[in-house]
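Visitor: Got a structure here, written out as C-alpha cells. Questions coming.
The values are calculated or read from the model by the stated rules, or taken from the named source; none is laboratory data. These numbers come from a predicted model, not from an experiment. Counting neighbours? That spans all protein chains shown, and the Cβs are built from the backbone with ideal geometry, glycine included.
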Amino acid sequence: MNHQVLLQLKVYQLGLCERFLTSAIGEKGKQNAQVILRKILMGRGHIVLNTGDFEKRALTNRADDDSQPIDLHLHTTNSDGEEPPEMVVKAAKDAGLSLIAITDHNLFTYTEPREYMEMSIVPGIELSAGYYVPAWNETTEVHVVGIFPYGVNAADFEWLLSDIEKGKEDYVSAILQGLSTRGIHISMQEVMSVERTHERIGRHEIAKILVSRGIESSIDAAFDHQIGNFSPFYIPSTRYIHYASLDDIVRQILESGGIPVLAHPFGYSMNEPEIEQLIKDFTIAAERSGDKRMKSSEAPAAGIEVFYQMYLDSSESSRLDFLKRMQEKYNLLASAGSDRHRPDQPFCTAGDRGLFRKMLQRLRR
C-alpha cells in the first residue's frame, strides 16, 4: 500500500519554513524532517508535495528576471575571509546581488536557505579534494564548491573532513622551514599568535606575517612570491594533509542534495591538457555518483566555475573561452563566483539567476 504525505510549507522572510506533516510516519525530529524535505524537493521520494511558493521566494526570487546578478563563491571569517558572514551578506546586497552562496573552506557557515532584504542566500562549502595528476606522478589539492539550494545536513560531511586538521600543523611547519632556508625566520608561535576568528592556522596567517614585516606588500604578493600555488617555492599540501578523493567529495555532495562545482580550474598550476583531464575526471565522478534513474545520455547536476572573477578580465579572455568550450563539451553547468575574501575585492560581475535556474532544473530532474 502506498502511503502519501501532504507536506505544506509556508515561507517567511528569512527562508524558514513551518512544516506540517500529516501521515503515519510520525515525528522523527527536526533533523530527520529536514532530510525528508530535501529528498522530496529533489524528487527522490514517493511523496506528494505541495510546496506553495517556497522555491519561487526562497530560491528563485523574482523569477521573471533571470538577468539579476549572483555570486556562488564567497568566504567569511569562518575560514580565511576577512569579514564576518553578516558583513559579507550586507556587502553583497549593497552591491546589487540577488542571490549568493557562502562557501567557506571545509565547513558550512549556513545549512539552510534564507533571505536578507529579498536577496537569497543558499548554503555552500568549498571542499579540498585529493586528485592524482598522471603527468606529475603526484596527488595535488583541487577545490570543489558544493551548492545546496534546499539545505544540507553538515554531519553528512564529517567523515570527509576529519583528517584535514591533523596535517595542517605539519604543513605549516614545512612552509616555515622553507622560508627559513631563504632567510625568512618565522616561528610557529608567531603563526599561532596571528589574530583570527577561528582556531585553524594555514598559509593565510603566514602571509599576514610577511606583510606585517614589510617583506611583501600584500596578501596576494605573499602568495605569489613566497607560499602560493604559483610561487616558485610552492609546497603541495597533499604531502602533509590527507584530503578525501575527488570521487568521494563529488559523490557526497550529490547524495546530500547539492551541486558539485569544480572551482577555479586554472588555479592548480596545470596546463590546458591537464585541466581538461581534470574536468573529464570530475565529470566521470559526477556521472558515476548520479541518480541511478538517470539515462546514460543525461548530464549530471554538476558544473565548473566558468565565470570566475579573475578570468573575466580582458587579459584572461583565452581562459574564459577555454572554460566555455569545456563546459559545453562535457555538458556541465556553468557557475559564477568571485572567490571574494576581502572587502577590497569585487563580487562576481558575470553570471545571473538564469545560471542558477538551470542548476535547479538539472538538480530536480
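Visitor: Since E165 meets every condition but one in (1) surrounded by fewer than 19 Cβ atoms within 10 Å (Cβ to Cβ); (2) at pLDDT below 95; (3) within 30 Å of G96 (Cα to Cα), which condition does it not meet?
Guide: Failed condition: (3).
Visitor: Which residue, of R362, R319, R325, R288, is part of a helix (DSSP H, G or I) and under 18 Å from I147 (Cβ atoms)?
Guide: R362
Visitor: I've got another one for you. Filter segment 122-137 down to the residues that are of a type outside the set (S, T, Y) and either buried (at least 19 other Cβ atoms within 10 Å of the Cβ) or assigned to a strand (DSSP E or B) (or both) and list them by number.
Guide: Across segment 122-137, the qualifying residues are V122, P123, G124, I125, E126, L127, A129, G130, V133.
Visitor: Is it the case, given these coordinates, that A244 is small (G, A, S), in contact (Cβ under 8 Å) with a residue 60 or more places away in the chain and on the phi < 0 side of the Ramachandran plot? Quick ask: steps written out before the conclusion?
Guide: Working: small (G, A, S): yes; in contact (Cβ under 8 Å) with a residue 60 or more places away in the chain: yes; on the phi < 0 side of the Ramachandran plot: yes.
Criteria met by A244.
Visitor: Mind checking which residues of segment 201-226 are within 21 Å of P343 (Cβ to Cβ) and among the basic types (K, R)?
Guide: Across segment 201-226, the qualifying residues are R203, K208.
Visitor: Just to verify a result, which residue in segment 64-86, among those that are surrounded by fewer than 18 Cβ atoms within 10 Å (Cβ to Cβ) and without any contact (Cβ under 8 Å) to a residue 40 or more places away in the chain, is nearest to V145 (Cα to Cα)?
Guide: Among those that are surrounded by fewer than 18 Cβ atoms within 10 Å (Cβ to Cβ) and without any contact (Cβ under 8 Å) to a residue 40 or more places away in the chain, it is E86.
Visitor: Would you please list the contacts, defined by Cβ atoms under 6 Å and residues six or more apart or on different chains, that run from a residue in segment 260-276 that is outside any loop (DSSP other than H, G, I, E, B) to a residue that is modelled with pLDDT of 95 or more and among the aromatic types (F, W, Y)?
Guide: Within 6 Å, the pairs are L262/F282.
Visitor: Next question. When you look at R342, is it in contact (Cβ under 8 Å) with a residue 12 or more places away in the chain and assigned to a helix (DSSP H, G or I), yes or no?
Guide: no
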